[in-house]
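Student: Quick one: the structure is below, and I'll ask about it shortly.
The values are calculated or read from the model by the stated rules, or taken from the named source; none is laboratory data. On a predicted model such as this, the values are computed, not experimentally measured, just so you know. Cβ coordinates were reconstructed from backbone atoms using ideal geometry, including for glycine residues, and neighbour counts include every protein chain displayed.
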Amino acid sequence: MVSEYSPSRRSLLKAASGLSAAVALGAGGVLATASAAHAVGDGFGLRVAERGENDPRMWYYRFETAEIGWKPAVNVLLPDDYHTSGRTYPVLYMLHGGGGDFIEFDRAGIRELTAGKPIIVVMPDGGKTGWYSNPVRSNVGPRNWENFHINQLIPWIDANFRTFAEYDGRAIGGFSMGGFGALKYTAKYYGHFASVSSYSGPASLRRDGGLVVHWANTTSALDLGGATVYGVPWDQRRVSADNPVERVESYRNKRIFMVAGTAPKTAFDWLNEPEVLAGQREFRGLLDRAGIPYEAHEDGGGHFFRTEFFRGDIDGIIGRLRKA
């Protein structure tokens, strides 16, 4: 395994903690913590259509929303002591990969991986091939995943759970398509997330003739009835807005964690990981030149969610965010 760690990260993050209050979300720059989730309800364009709150840690909701033409769901994983502590917690948003859904990380063992950790983990649907975007066009009704996550789900979570509704209270991560979504949301919505983690997520859309954009368009057509996320021809402004390597300054003063595989073994791996690895290396080079610290790992194997890296990453995330 090859690892990189930028030695100035610790000092810059310490400085960032003072800056982050200035970029926190909310009117007038003043944010109050959310009240306890006594009776989770509707709001922010979301109507709760189904709920499951019997498990002490993993709560489930399905919504009706004008932004999505079917009922997307979310798993909310609570800390062990959430119901007894009265404390307010930071939040990690975890975005699933292509072909996955809101229970992808539950299958991967996230309950055990976060046992005893003082953090809420929110795991929403993002469409089988939604690419965490509002598509240029859809032939099957609304599929505005970006609007759903940013404008509806985040404020709904903050209104219904005891969260720090601010920059220093939120992190985001994801696998594959979700790793891209995490990098994209972090850059486009600078004041939302203080930490970003990309597990085999593409960081460069235009390299190799725009191979990742072509892949996004081809796969998204399955969800969009033949339409595409970026359009044909491409909406170039939208590609640039979503492309991490074109948004390098937007990652300044944030904690950045990346991992990619170096040894594809299957045809599926070969379709994904070499492009992911090359794009992350390109991104790392640009971060180096900009003097922006990060933590990055290259690991043997192909395209899969690396739980052994998540174990260390979750502690780094909690260390960066406001303490419960």
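Student: What is the residue count in segment 267-289 for residues that are over 16 Å from residue 177 (Cα atoms) and at pLDDT 95 or above?
Tutor: So the answer is 9.
Student: Does segment 264-318 hold any residues that are under 19 Å from the mean Cα position of the chain (by Cα), of a type in the set (D, E, K, R) and not in a helix (DSSP H, G or I), and which are they?
Tutor: 295, 306
Student: Tally the residues that are surrounded by fewer than 23 Cβ atoms within 10 Å (Cβ to Cβ) and closer than 18 Å to residue 152 by Cβ, restricting the search to segment 102-121.
Tutor: Looking only at that region, the number is 1.
Student: Between residues in segment 242-255 that are closer than 23 Å to residue 145 by Cα and residues that are part of a strand (DSSP E or B), which pairs lie under 9 Å by C-beta distance while being six or more apart or on different chains?
Tutor: 244/198; 251/196
Student: So, one more: State yes or no: is residue 106 touching a Lys or Arg at 6+ places or on another chain (Cβ under 9 Å) and either part of a loop (DSSP other than H, G, I, E, B) or of a type in the set (D, E, K, R) (or both)?
Tutor: When the stated conditions are applied, residue 106 does not pass them.
Student: Also, I was wondering about something else. Would you be able to tell me the number of residues in segment 90-127 that are farther than 30 Å from residue 224 by Cβ and in contact with a helix residue (DSSP H, G or I) (Cβ under 7 Å, 6 or more places away or on another chain)?
Tutor: So the answer is 7.
Student: Quick test for you: out of 151, 139, 134, pick the one residue that is assigned to a helix (DSSP H, G or I) and surrounded by fewer than 22 Cβ atoms within 10 Å (Cβ to Cβ).
Tutor: On inspection, the qualifying residue turns out to be 151.
Student: May I ask you to list pairs of residues, at least six apart or on different chains, whose Cβ atoms are under 7 Å apart, with the first in segment 63-88 being among the aromatic types (Phe, Trp, Tyr) and the second being in a loop (DSSP other than H, G, I, E, B) and modelled with pLDDT of 95 or more?
Tutor: Note: pairs meeting the criteria are 63/71; 63/72.
Student: Using beta carbons and a limit of 7 Å, which pairs, at least six apart or on different chains, have the first residue in segment 257-286 and buried (at least 17 other Cβ atoms within 10 Å of the Cβ) and the second one hydrophobic (A, V, I, L, M, F, W, C) and at pLDDT below 95?
Tutor: 264/270
Student: Of all residues in segment 42-88, which are under 14 Å from residue 161 (Cβ atoms) and among the polar types (S, T, N, Q)?
Tutor: 75, 85, 88
Student: Going by the conditions given, is residue 301 surrounded by fewer than 20 Cβ atoms within 10 Å (Cβ to Cβ) and in contact (Cβ under 8 Å) with a residue 40 or more places away in the chain?
Tutor: The answer is yes for residue 301.
Student: Does residue 3 qualify as being within 23 Å of the chain's Cα centre (by Cα), loosely packed, with under 13 Cβ neighbours inside 10 Å and either at pLDDT below 50 or not in a loop (DSSP other than H, G, I, E, B) (or both)?
Tutor: Against the criterion (within 23 Å of the chain's Cα centre (by Cα), loosely packed, with under 13 Cβ neighbours inside 10 Å and either at pLDDT below 50 or not in a loop (DSSP other than H, G, I, E, B) (or both)), residue 3 qualifies.
Student: Right, another one. Can you confirm whether residue 167 is surrounded by fewer than 22 Cβ atoms within 10 Å (Cβ to Cβ) and more than 12 Å from the chain's Cα centre (by Cα)?
Tutor: no
Student: Scan the helices (runs of 4 or more DSSP H) fully inside segment 174-250 and keep the ones with 2 or more residues being surrounded by fewer than 19 Cβ atoms within 10 Å (Cβ to Cβ).
Tutor: Where helices (runs of 4 or more DSSP H) fall fully within segment 174-250 and carry at least 2 residues being surrounded by fewer than 19 Cβ atoms within 10 Å (Cβ to Cβ), they are 207-223, 236-242.
Student: Continuing with the same structure: Does at least one position in segment 139-146 carry a residue that is of a type outside the set (Asp, Glu), under 25 Å from residue 315 (Cα atoms) and modelled with pLDDT of 95 or more?
Tutor: No: segment 139-146 contains no residue that is of a type outside the set (Asp, Glu), under 25 Å from residue 315 (Cα atoms) and modelled with pLDDT of 95 or more.
Student: Okay, moving on. For residues that are of a type outside the set (A, V, I, L, M, F, W, C) and part of a loop (DSSP other than H, G, I, E, B), scanning just segment 154-173, find the one that is nearest to residue 104 (Cα to Cα).
Tutor: For segment 154-173, the residue satisfying everything is 162.
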